[in-house]
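Chemist: There's a structure below that I have some questions on.
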Amino acid sequence: MVAAPAVQAAAAGSTAASLAWLADLAGAPLPTRRQEDWRFTDLSSLAAIPAGVAAPAADQRGDPWAELSLPAGVTRLAGAAAEAQLGTALAVSGCQQHWPVLLNAGARPALLALKVEGDAGTLELPLPAPAGEGVVAWRLLLVLEPGARLDLLQVPAPAPAQRQLLSLVSEVVLGEGARLQLGCLAQGHNQAALFHHLAVRQASGSELQATLVSSGWVLARHEPRVVQEQGAARTRLLGLQRVDGRELADTHSFVRFDGPEGELDQLHKAVADGSGRSVFNGAVQVPRLAQRTNAAQLSRTLLLSDRARIDTKPELEIVADDVKCAHGATVSQLQSEELFYLRSRGIDSTTAAGLLQRAFCQEVLRELPAGALRHDPMTALLGAA
């Protein structure tokens, strides 16, 4: 009989061999669970994805965005204008060498660079993966000039029944007084994985609201990273992830204040069922120069199964002494009193449980850009009522 440790070592070696092509694509070793940021992120599900890169569908000039209709005030950047801004948000937030960013670069992503001036209204950016298995990569650069306004909805989606890893790296540069409402509505399936990396530079007086919603992926990892370069800006981060079966959803956020009087309001929610696993790690840095910072961070999770697992770690690193900062985390089940109340009004137990789940999710879903309504995100998350 083979000893259990030997069996585990053999399995680990087999998985590492099957993932070697991803390390080659990134030009860097795979992250391991010995690294704190990857301690709960099991990459073994990626072993089912065949080696290769599937490029997004493009026109004859190789432009996958040729048919994208841009609102007034939004123009495409190219050449030196794009190069001058590309990579700056990654550099400021210190994540140029993060493995998902390196993987994205190695997969030769389709690049869309946009400049926003004035009040540009709403833009929906569909990111449909083409047929074909392997890695599909996109990179977005978004530059909002001082005072500009935009509501942007990103919709990454895998091809049906295709074993794919979708890689999305978004860089955002917000000028003074600019306002961005960013939504990412990511509905996957159990043969697809998603790496979503968001890096944001905020100038003083700017406002960012980022709402990230995902469900259905065998593995989903979101990494929003925001730096207020002079402070005196407002950041609002909202997240909602649902896991079921053996799905894993992992959110690692980072916010740093490099000046005084900045504000942060962060709410992360998760619904975990089946044998799913939800991970949240939210880091906030408030150095000495960030006096009068006001930061609040809350993680709330709804646990629907005794087989599901939750790992949550909101964290604040505070050096400044004149601040208002708070964080907290809760893990709860559906409340028996609330279920009893609904059942006493003639609502059956299944419907009552569904209503409570919908109420839990609605707090985040209502913050998506208005264009998300046509995608019916509540049904995508929880199914029909």
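Chemist: Being modelled with pLDDT under 95 and within 26 Å of VAL200 (Cα to Cα) narrows it down to one residue among ALA353, ALA326, ALA249, ALA272; which is it?
Modeler: Just a single option satisfies the conditions, and that option is ALA326.
Chemist: Being open to solvent by less than 40 Å² (accessible area, probe 1.4 Å) and either outside any strand (DSSP E or B) or in contact (Cβ under 8 Å) with a residue 24 or more places away in the chain (or both) narrows it down to one of ASP322, ASP311, so name that one.
Modeler: ASP311
Chemist: So, one more: Looking only at residues that are in contact (Cβ under 8 Å) with a residue 40 or more places away in the chain and within 13 Å of GLY73 (Cβ to Cβ) in region 147-166, which one is nearest to the chain's Cα centre (by Cα)?
Modeler: Out of the qualifying residues, it is LEU152.
Chemist: So which residues in region 209-257 are open to solvent by 10 Å² or more (accessible area, probe 1.4 Å), hydrophobic (A, V, I, L, M, F, W, C), more than 14 Å from the chain's Cα centre (by Cα) and more than 22 Å from GLN164 (Cβ to Cβ), if there are any at all?
Modeler: ALA232
Chemist: Another one. Assess whether ALA129 counts as being buried (at least 22 other Cβ atoms within 10 Å of the Cβ), at pLDDT below 95 and out of contact with any His (no Cβ under 6 Å at 6 or more places or on another chain). Reasoning before the result, please.
Modeler: On the way: buried (at least 22 other Cβ atoms within 10 Å of the Cβ): yes; at pLDDT below 95: yes; out of contact with any His (no Cβ under 6 Å at 6 or more places or on another chain): yes.
Yes, satisfied.
Chemist: Of the residues that sit in region 139-167 and are open to solvent by less than 10 Å² (accessible area, probe 1.4 Å) and either not aliphatic (A, V, I, L, M) or not in a strand (DSSP E or B) (or both), which one is nearest to GLN191 (Cα to Cα)?
Modeler: Result: GLN164.
Chemist: Right, next: Got a sec? Which of SER45, SER69, SER18, SER93 is in contact (Cβ under 8 Å) with a residue 12 or more places away in the chain and over 22 Å from the mean Cα position of the chain (by Cα)? Don't jump to the end; show me each part of the working.
Modeler: On the way: SER45 fails: over 22 Å from the mean Cα position of the chain (by Cα); SER69 fails: in contact (Cβ under 8 Å) with a residue 12 or more places away in the chain; SER93 fails: over 22 Å from the mean Cα position of the chain (by Cα).
The match here is SER18.
Chemist: Also: Can you name every residue in region 100-115 that is open to solvent by less than 20 Å² (accessible area, probe 1.4 Å) and either touching a residue at least 60 places away in the same chain (Cβ under 8 Å) or not aliphatic (A, V, I, L, M) (or both)?
Modeler: Here is the first cut: in region 100-115, the residues open to solvent by less than 20 Å² (accessible area, probe 1.4 Å) are 100-101, 103-104, 107, 110, 112-114.
The answer is PRO100, VAL101, LEU103, ASN104, ALA107.
Chemist: Being under 27 Å from GLN35 (Cα atoms) and among the acidic types (Asp, Glu) is the filter; apply it to region 275-316 and report the residue that is farthest from the chain's Cα centre (by Cα).
Modeler: Among those residues, the one meeting the criterion is GLU315.
Chemist: Search region 275-296 for residues being assigned to a strand (DSSP E or B) and open to solvent by 10 Å² or more (accessible area, probe 1.4 Å), and hand back the single one that is nearest to GLU207 (Cα to Cα).
Modeler: Looking only at region 275-296, we keep the residues that are assigned to a strand (DSSP E or B), and these are 277-286, 294-296.
Restricting the remaining residues to those that are open to solvent by 10 Å² or more (accessible area, probe 1.4 Å) gives 277, 281, 283, 285, 294, 296.
On the way: ARG277: 32, ASN281: 23, ALA283: 19, GLN285: 18, ASN294: 14, ALA296: 16 Å.
Applying the filter and picking the extreme gives ASN294.
The values are calculated or read from the model by the stated rules, or taken from the named source; none is laboratory data. All figures in this text were calculated on a predicted structure; none of them were measured in a lab. All Cβ positions, even for glycine, are placed from backbone atoms using ideal geometry, and neighbour counts span all protein chains on display. To get the accessible areas, we keep the full protein, side chains included, count just its heavy atoms, and leave off ligands, DNA and RNA. Shrake-Rupley method; radii C 1.70, N 1.55, O 1.52, S 1.80 Å.
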